[in-house]
1. What's the tally of Lys pairs in segment 102-178 whose alpha-carbon atoms lie under 27 angstrom apart, where the two lysines are 8 or more places apart or on different chains?
2. When the label point is put 7 Å from the Cα of Ile23 along its Cα-to-beta-carbon vector, which residues of segment 84-99 have a backbone N closer than 14 Å?
3. Starting from the 7 Å offset along Cα-to-Cβ, what nm value, one decimal, do you get for the label separation of Ser179 and Arg15?
4. What does the charge count near Ile151 come to, summing +1 for each Lys or Arg and -1 for each Asp or Glu among other residues with Cβ under 11 Å from its Cβ?
5. Could you state the number of Å between the C-alpha centres of segment 63-115 and segment 17-33?
Amino acid sequence: MRRTYRKNNFKELNRQIVLIGLIFIVFVALGSYLNKIWPSYQDEIIKDISFISEYYNSREGIKEAILSNLKIDLSFMACVAFFSVLVITFPVVLIIFMLKGLSIGYTINSMILALNFESIKMIFVLFMKNLAIIPGTVILTLVAFDYVKKILLEIKHKRKENMIFLVKRFILNVIIIISITVILQVVLNTISIGMIKFLVR
């Protein structure tokens, strides 16, 4: 009986991961078409992408680039966690996740338009920049979804002690997930940015 319950839970978890993954891929694909929707902004896009490319290809310190990426990653995951805790704003978490997909798709397509063959290096950096953050955010979203379901049930039955316990457990889970994800992402950013800057020396 217990084995069947665990098996069902595992299948449900897999379905949720696949669903979120598909949603993310769809929005990445949509993001890649934004340049075609607003072609008038192409000159500005090329200017911005060229500046970013020059920054990563420059001989400036790796530390500044890593710290800049760290701030962005922390802000992104902190937003997801914050809107999850408030329960009623949980749909905002999904919107943030979708916008991240749009942003990645838009950036990849912009790099290809602006840099042509040279875009390979920048796409590699972008891929490495999100290699830990995206899976970490998926896990955080699933944990938040489970938390929201449980907290709504406790609110319905007016069990205040259980609600407090769930909030504390969720915050602890959030801290653990964010810490592991960000540390891993910093390592990946260091490797990718270090490789790019080493190659231009």
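A short reminder: the numbers here are calculations on the coordinates, not readings from a lab. From a predicted model like this one, the values you see are computed outputs, not experimental measurements. Cβ coordinates were reconstructed from backbone atoms using ideal geometry, including for glycine residues, and neighbour counts include every protein chain displayed.
1. Going through segment 102-178 pair by pair, I get 10.
2. 84, 89-99
3. So the two model labels end up 3.4 nm from each other.
4. Working: positive: Lys149, Lys150, Lys156, Arg159, Arg169; negative: Asp146, Glu154.
Residues close to Ile151 contribute a combined charge of +3.
5. Here the answer is 14 Å between Cα centres.
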